[in-house]
Structures are given as structure tokens and as C-alpha cells.
Amino acid sequence: MWAADAPYLAACRGEPRPTPPVWFMRQAGRSLPEYRATKGTLNILDALRDPALVAELTLQPVRRLGVDAAILYSDIVAPVAAIGFGVEIRAGVGPVVEQPFRDERDLGRLRGLVPEEDCPWQAEAVRLLVAELDVPLIGFAGAPFTVASYLVEGGPSREQTRTRALMRARPDLWAALLDRLAALALASLRSQVEAGAAAVQLFDSWAGSLSAATYRRHVLPASRKVLEGLADLGVPRTHFGVGTGELLGAMADAGADVVGVDWRVPLDEAVERAPGKVLQGNLDPAVLLAGADVVEAEVKAVLEAGRAAPAHVFNLGHGVLPEVDPDVLARVVELVRAG
Ligand code: CP3
């Protein structure tokens, strides 16, 4: 179990620290040799049913890197998979939906999530981790828009065009879809926190494909339902997306305590767009492939810009790339601690 005043939790609460806490999005998995050795060829959706395995995969980066937080090994499509929507995760591709979401009839495929029946293994994994970890565990879910994009497109897509068309062509149907997905995300996050997760992150990874006006009209209300629906639990909530420079103000309005920033907007500018918010980010993930001197200079620049925020949680601007050398991640942790 971790301390209530653990650096990551203190920073999320807005208490500035001499050096920021650090963790990495997608720190478990693909870039770690021990991950590949432990998981083998098992599909992630099958791996999730094994709480001891999930706990081990969640712990691996914490042991190796000494980061200030763990993030539960799972995926943003786990809740839709758990209610039987028909999603699989293909190696080298990502989530694939055999029968994409098209019309009213598909709403019937999105029943509510009952975590203790549909995915009891998840709360069990969280309980194992609470007992093992000495840094806080972050639970997470996909935001309604980003999960909807997989259901509507049928898989990963570059610009989510079908999704952006559907919200305009059928605003009523779209709102009903996002409502169901908000309920799923909320049920999943509440059960992660009730099992012991110390904080949550809502990933709206692909929201950057929307204009601010479209985001406010068609997406923000559903994300707000998720974030505000967690308020009574009292855990820090982080809200993150990629390419969201134009949306930071709107995302800050959705109710999170911490706003995740990608690498395109320096943190000392992001703070103007999301006033009063704790900021998370935002080293360009590609910098980790650019050599030691570049890593050192860019980490320093992020630390410096982060001082403009009420408090800063050091992270990358998006997930760790698969080809990154874990020793470079460990070096980043050292550099952040050195200040
Ligand atoms: O990267 C992000 O933007 C974070 C949000 C997000 C996750 N999954 C969280 C996650 C998104 C957008 C996804 C969808 C997804 N799922 C993709 C991307 C496809 C695309 O559209 O480009 C992929 C490849 C998957 C499948 C998946 N998820 C695999 C194979 C794994 C296992 C480990 C690995 O990294 O290969 C995951 C794990 C996963 N997805 C984690 C999270 C937070 C847990 C690992 C960690 O972050 O530490």
C-alpha cells in the first residue's frame, strides 16, 4: 500500500513539489523485454482474465523504472469487450470490431456493465496490486468519444471521419451512443476505485481530430458525466488527449483535476489555456529515440516549462513507443528526480 501523501497524489491535488512525480503512459507492455517474456503470445483480452498476470505486468515497469505511479494493465476497449459487443484486439493492429456501430439497433448491443459479473477479474487484480504496490495505482478508461471511434470505424483510424460524420448526421443517435459509453466508463472506473485504485485517467486519445466547438457540443457532455460521476469518490482525475492544443480549455471544463498535454503545446502555454489545472506531460515520445544529449536537454525544458503550472506530473506527451530502450526511460526518471 502507498502513502496518502505519495508524491503523485500530492501533485494531482495541486501541491507543488521541488521535483515533479513521474510516470509514463503505456509504461507496461510493448517496450519491456520482461513483458514480452511473461505474456508470450497470449491475447491481451485473455490476459486480462488472469489477475495474477495483470498484477505482474502492472508491476514490471514500477520495479524496473522506479516510477511514482503504476497504471493498471488493461485496455480502453475492455468494458465493451466485457459486455460482449464483439471486439477483438489483433496483434500489430489494435481493437477491431467485426460489426461496427451503425444505427439504433446497435444501441441494444451496449447494455450496462456490471463489473462484479462481467469482469470480476479486474477488481481482483486491483486488490492484488493494492497489497503489492508502494506507489499509487492509476485506474483508467477510454473516454466516450475515443471508444465510440473504434465502434463506429470498426478499428483504428487516422481521422475518425465516419465518427465525425455520424455525430453531425445523427446527433440524437450519437448522443445515445455516448451516453451508453459514458455509463460503461463510469461503471468501470468506479469499480476500479472501489477495489482500491488511488486515481483515474480518462483517455480521450483521439479527441484532437475535433474542433473546439464540435468537441463542446458533441463530446464534452458525455466526458463530463464520467468525470463528475466520480466526484464523490475523492480520487484525482486526469483527462488526456492527443493533438488537443485547441481543446485544452474545453477539456479543462469537463471536470478533471489534472489535464494531460501532448508534446505540441509547451506546458507554460498550456497553463494559459487550462488555468488553475495541474498539468501532466509532455516530453515528445520521439525524443527517447534521439540520443542521450537530446533527452537531457528536452527533459530539462519540460521541467522548466512545468514550473508555470500550479503543480506538474511529469509524463510523455503520449505513450511510450514500442522501440524505446527501457534504459532511456530509467534515465528520464533520474533526470526528473535531479530536477
Ligand atoms: O495510447 C493511448 O492513446 C492510450 C489510450 C489507449 C489505450 N488503448 C490504453 C492502453 C488507446 C487509444 C488504446 C487502443 C488500443 N488498444 C490500441 C491503439 C490502436 C490505434 O488506434 O492506434 C492498441 C494497439 C490496443 C491494444 C493493446 N492495448 C495492446 C496490444 C496492449 C498491450 C501492451 C502493449 O502496449 O502493446 C494494450 C495495453 C494498454 N492500452 C494499456 C493502456 C493504458 C496498458 C499498458 C500501459 O499503459 O502501461
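The values are calculated or read from the model by the stated rules, or taken from the named source; none is laboratory data. Keep in mind it's a predicted model, so treat the numbers as computed, not measured. All Cβ positions, glycine included, derive from the backbone under ideal geometry; neighbour counts span all protein chains shown. For accessibility, only protein heavy atoms count, side chains too; no ligands or nucleic acids. Shrake-Rupley method; radii C 1.70, N 1.55, O 1.52, S 1.80 Å.
Remarks
- On a per residue basis, region 102-173 carries 46 Å² of accessible surface, using protein heavy atoms and a 1.4 Å probe.
- Estimated distance in nm for a label pair at R217 and D179, the labels positioned 7 Å out from Cα along Cα-to-Cβ: 1.9 nm
- Heavy-atom accessible area with a 1.4 Å probe sorts Y8, Y35, largest first, into Y35, Y8.
- Total formal charge among the other residues, if their Cβ is under 9 angstrom from that of P144, Lys/Arg +1 and Asp/Glu -1: 0
- Bridges between two residues of region 7-338, per DSSP, are antiparallel at a rate of about 15%.
- Sequence-distant contacts, meaning Cα pairs under 8 Å at least 6 residues apart, place the relative contact order of the chain at 21 percent.
- Base-10 log of normalised Debye intensity for region 184-286 (one unit scatterer per alpha-carbon) at q = 0.15, 0.21 Å⁻¹: -0.58, -1.07
- Accessible-area value, D172, 1.4 Å probe, nucleic acids and ligands omitted, Å²: 100 Å²
- The slack in the chain from E323 to E269, taken as 0.36 nm per residue of separation less the alpha-carbon distance, amounts to 16.5 nm.
- Percent accessible area from carbon and sulfur atoms, the chain, protein chains only, probe 1.4 Å: 51 percent
- In the assembled protein chains, K225 presents an accessible area of approximately 110 Å² (probe radius 1.4 Å).
- Going by accessible surface with a 1.4 Å probe and the largest first, H318, H239, H218 read H318, H218, H239.
- Inter-part distance where region 272-339 and region 69-102 are each reduced to a Cα centre, Å: 28 Å
- FRET efficiency, 1/(1 + (r/R0)^6) with R0 51 Å, evaluated for D293 and R109 via beta carbons: 0.45
- Using a probe of 1.4 Å on the protein chains alone, the accessible area found for F85 is around 10 Å².
- Isotropically averaged projected area of region 1-140, using the convex hull of Cα atoms (one quarter of hull area), nm²: 10.1 nm²
- Charged-residue dipole, Cβ positions (Lys, Arg, Asp, Glu), the chain about Cα centre, Debye nearest 20: 680 debye
- Residue among A198, L303, I83 farthest towards the positive dipole end of the chain, charges placed on Cβ: I83
- Calculated FRET value between E228 and A169, using beta carbons and R₀ = 30 Å, to 0.05: 0.60
- Cα-only Debye scattering, the chain: base-10 log of I(q)/I(0) at q = 0.06, 0.15 Å⁻¹: -0.19, -1.32
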